[in-house]
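Report on the structure given below.
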Amino acid sequence: MKLKHNKKRNTAFLFEALVREMTRAAIRKDQEVLTRCKEILKEHFSSGTVLYEELKMYRALYETKGLSSNSAQKLMSEVRVMHNTLLTEKKEEIFKTQSLVIKEINHGVTKNVFSNFVPNYKNIATVYQILNGELPPAQRVLLEETICESLVATDREPEDTTPTQVNNLVIKNFIKKFNKQYSDSLHEEQSHLLNNYVLSFSDNGLALKAFLNEEVGRLRTVVSSGLKLEEVSKDEEMVRKTNKVLSLLDECKERKIDREMLETVLKIQQLAREIQI
């Protein structure tokens, strides 16, 4: 069942995509983009703004969990009524404000914001279609059932899922253990990896995945260049070990990001440093 979804006109998507762009800017230490994202969020999504009003309705349907089936249906009905009232009173204002946000993103941040990975995107799109789409009754009922199922879900996380919040003591102990295991102090690349790992506790691993994607590519380039070194190319054992490292890097693209994988990347980062010396 294909239904139209204009994510640039989806207030919840605009908000979530901006938040993730702000996180990425913080990782890159891009103060300009970070500041601009904050300004857009503060100006257009703060309490009292029309997009904030609409965002609250969206979030009620894609963030709420653990309701009874009856309560889920009541919430769905209530939000639809509230949103219809909002559109009746402020539809033009919503459209104009969204247009302004889109313009500010395009010219003040980057068009790539609209390509950001947004967790729960499918539910956010479904909520948009329910609240804004002129759907045939059968399709609307099916979509509403999908959202009601998510409202009833307990949203229990797997045992190995990283918690969303970690206190400073846990973070310090984690870094201390790695420092003790590898060296008295981590070099720059390793520090960046651990910093991204720490931040992954609060953004569902978005920043960490983005960093690892670039870092694994960089490491593969550096390690591959090692095969051209005379002392390596003339030593069959070193060639074999180097190719094994390259295979490990290729596997990283498919592996789950866990402690073991991080240890592997940390070791390869150290090897890459030695190759470049």
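The values are calculated or read from the model by the stated rules, or taken from the named source; none is laboratory data. Keep in mind the model is a prediction, meaning the values are calculated, not measured. Cβ sites come from the backbone with ideal geometry, for glycine too, and all protein chains shown count toward neighbours.
Annotations for the structure displayed:
- Filtering region 203-258 to residues that are outside any helix (DSSP H, G or I) and basic (Lys, Arg) leaves 228, 234, 253, 255, 256.
- Whenever a residue of region 25-42 is in the same structural domain as residue 109 (by TED's automatic domain parsing) and without any contact (Cβ under 8 Å) to a residue 40 or more places away in the chain, its partners that are among the β-branched types (Val, Ile, Thr) and surrounded by 18 or more Cβ atoms within 10 Å (Cβ to Cβ), lying with C-beta atoms within less than 7 angstrom and at least six residues away or across chains, give the pairs 25/33.
- Residue within region 55-67 that is among the basic types (Lys, Arg), in the same structural domain as residue 147 (by TED's automatic domain parsing), within 14 Å of residue 11 (Cα to Cα) and in a helix (DSSP H, G or I) present: yes
- Restricting region 8-38 to residues that are assigned to a helix (DSSP H, G or I), touching a helix residue (DSSP H, G or I) at 6+ places or on another chain (Cβ under 7 Å) and of a type in the set (S, T, N, Q), the residue that is surrounded by the most Cβ atoms within 10 Å (Cβ to Cβ): 11
- Answer residue from region 103-137, given it is hydrophobic (A, V, I, L, M, F, W, C) and over 28 Å from residue 28 (Cα atoms) and is farthest from the chain's Cα centre (by Cα) among those: 135
- Residue identified as modelled with pLDDT under 95, more than 26 Å from residue 141 (Cα to Cα) and out of contact with any Leu (no Cβ under 8 Å at 6 or more places or on another chain) among 99, 47: 47
- Pair list, Cβ under 6 Å, 6 or more apart: region 240-255 residue closer than 18 Å to residue 209 by Cβ, other residue basic (Lys, Arg): 249/220
- Residues of region 100-113 classified as surrounded by fewer than 17 Cβ atoms within 10 Å (Cβ to Cβ) and touching a Lys or Arg at 6+ places or on another chain (Cβ under 9 Å), total: 2
- Meets criteria (over 14 Å from residue 61 (Cβ atoms) and either modelled with pLDDT of 95 or more or assigned by TED's automatic domain parsing to the domain that holds residue 44 (or both)) for residue 130: no
- Residue match in region 241-254 (condition: closer than 26 Å to residue 26 by Cβ and either at pLDDT 80 or above or of a type in the set (S, T, N, Q) (or both)): yes
- Scanning region 229-243 for residues that are among the hydroxyl-bearing types (Ser, Thr, Tyr) and over 16 Å from residue 272 (Cα atoms) yields one hit, 233.
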